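The values are calculated or read from the model by the stated rules, or taken from the named source; none is laboratory data. In this text, all values refer to a predicted model and were calculated from it rather than measured experimentally. Surface accessibility is based on the protein's heavy atoms, side chains included, excluding ligands, DNA and RNA. Shrake-Rupley method; radii C 1.70, N 1.55, O 1.52, S 1.80 Å.
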Amino acid sequence: MKTVLALALSGYSALAMAGFEVVALGVDGGVSDGNLTSYLIRSDGKPQYVALDAGSLLPGIAKGLEKGSFPQVTPELAAPYTPQGYVFRQLIGGYFISHGHLDHVAGLIIGAPEDNKKTVYAQADTVLTLRNHYFNWKAWPNFTDAGNGARLGTYRLQTVRPLQRFTLGVTGLSGVMYPLSHDRYPSSMLLVSDNAGAFAYFGDTGPDTVEQSRDLDAAWRALGPLIEQKKLKGMIIETSYPNGIEDKHLYGHLTPAWLLKELKNLARYSGGEGSLKDLPVVIGHIKPSLKQGEEVRATIKQQLEQGNDLGVKFILMEQGDRQTF
């Protein structure tokens, strides 16, 4: 409490030092059902996180506790819940779902019977998918406040409109959603902000050229000025496959080569050459291989570094890792 009060009293200089804390609850892009895409983010000095997608929640929380990524949580504080239950029920203040694919919502659906009342923020298509195809008393009971049958009301489904700022509950964060194209299917990026800075979270997306879209270009235009002003603390973006996958088999995803090409476009809006130096870029949604000898994460990391003439700081978080930005 003293630290928070000191920050509050010390004015702009303290705010400039503030940042974001991210805990990776799931980092894979499929197959491993206990390690699917989900990240928690919170602003410095705020107790509650926003979940950025919810592919795997409880397994990731357990791994985070094992790694010491929730040092504030003790059995005494958590009582009557377990530390895992306390993080899940009390420290996650709401959910942003980038799109409705199962590997981004499975943890939300499975965990719903043990969760408490929260808001789920998503674009209109994703809200309809959650309401009509998951929480419908056929795939799963309706734990939302909308849709068919008895509404249990655990989750309030809030439709987010593109490019309009909204408040993420009592987390102290606000967000602006930008549309993305994922094999021509609606996905989205959330630009999370507090009083001091911003952080970008990208749901699944393919490159503009392949998607025949300008969605990533629009996102880069929005992020460019924030980079110039030193307000963008970092981003999470997917790189699902290593180089060598034919464009027709990307199915709305990125490779190292495509990501680097897109980041060069971002640099155009950020001040040109050298503007992305040391920008933290967390790589997520890597699809594991079940073939012997194929180490996809190592390959993608190597390919990103080999082509990295932008000076970007690529980060590959593991499940349960905590990082500050």
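Cross-link partners for K138 among the lysines, with Cα-Cα distance under 20 Å and sequence neighbours closer than 8 places in the same chain left out, do not exist in this structure. For the chain, averaging the sequence separation of C-alpha pairs within contact (under 8 Å, six or more residues apart) and dividing by the residue count gives a relative contact order of 18 percent. Within a straight-line Cα-Cα reach of under 18 Å, K117 can be paired with the following aspartates and glutamates, leaving aside sequence neighbours fewer than 8 residues apart in one chain: D53, D145.
Only helical DSSP H runs with n ≥ 4 go in: add -39500 (n - 2.57) per run for the chain, normalise by residue count and round the 222 nm mean residue ellipticity to 500 deg cm²/dmol. Kindly include the intermediate steps, with their values, before the conclusion.
Numbers: 11 runs with 86 residues, N = 325.
Mean residue ellipticity at 222 nm (helix-derived): -7000 deg cm²/dmol.
Beyond a 18 Å Cα-Cα separation, which of these cross-linked pairs lie in this structure: K230/K313; K118/K287; K233/K277; K230/K301? Let's see the in-between values first.
Working: K230/K313 15 Å; K118/K287 30 Å; K233/K277 12 Å; K230/K301 26 Å.
From K230/K313; K118/K287; K233/K277; K230/K301, over 18 Å: K118/K287; K230/K301.
Which whole-number value in Å² is the accessible area per residue of region 20-324, probe 1.4 Å?
Values: 12760 Å² over 305 residues.
So region 20-324 comes to 42 Å² accessible per residue, rounded to a whole number.
Would you mind telling me the antiparallel percentage of the DSSP bridges in region 20-324, rounded to 5? Could the numbers behind the result be given before it?
Values: 28 of 55 bridges.
Antiparallel bridges make up about 50 percent of those DSSP assigns within region 20-324.
Here the chain exposes an accessible surface that is 53 percent carbon and sulfur, computed with a 1.4 Å probe and the other protein chains kept in place.
Computed log10 I(q)/I(0) for the chain at 0.12 Å⁻¹: -0.81, from the Debye equation with unit scatterers placed on every C-alpha and solvent omitted. Kirkwood hydrodynamic radius computed over region 188-248 comes to 12.9 Å, based on all pairs of distinct alpha carbons. Given bins 5 angstrom wide, list per bin the percent of all Cα-Cα distances in region 243-325, short to long. Once binned at 5 Å, the Cα pair distances of region 243-325 give 3, 12, 23, 22, 20, 13, 5, 1, 0.
Let me know the shape class of region 37-79, please: from the alpha-carbon gyration tensor, a ≥ b ≥ c as square roots of the eigenvalues, rounded when a/c is under 1.5, otherwise prolate if a/b is greater than b/c, or oblate. Let's see the in-between values first.
Working: a/c = 2.02, a/b = 1.21, b/c = 1.68.
Since a/c reaches 1.5 but b/c is at least a/b, the shape of region 37-79 is classed as oblate.
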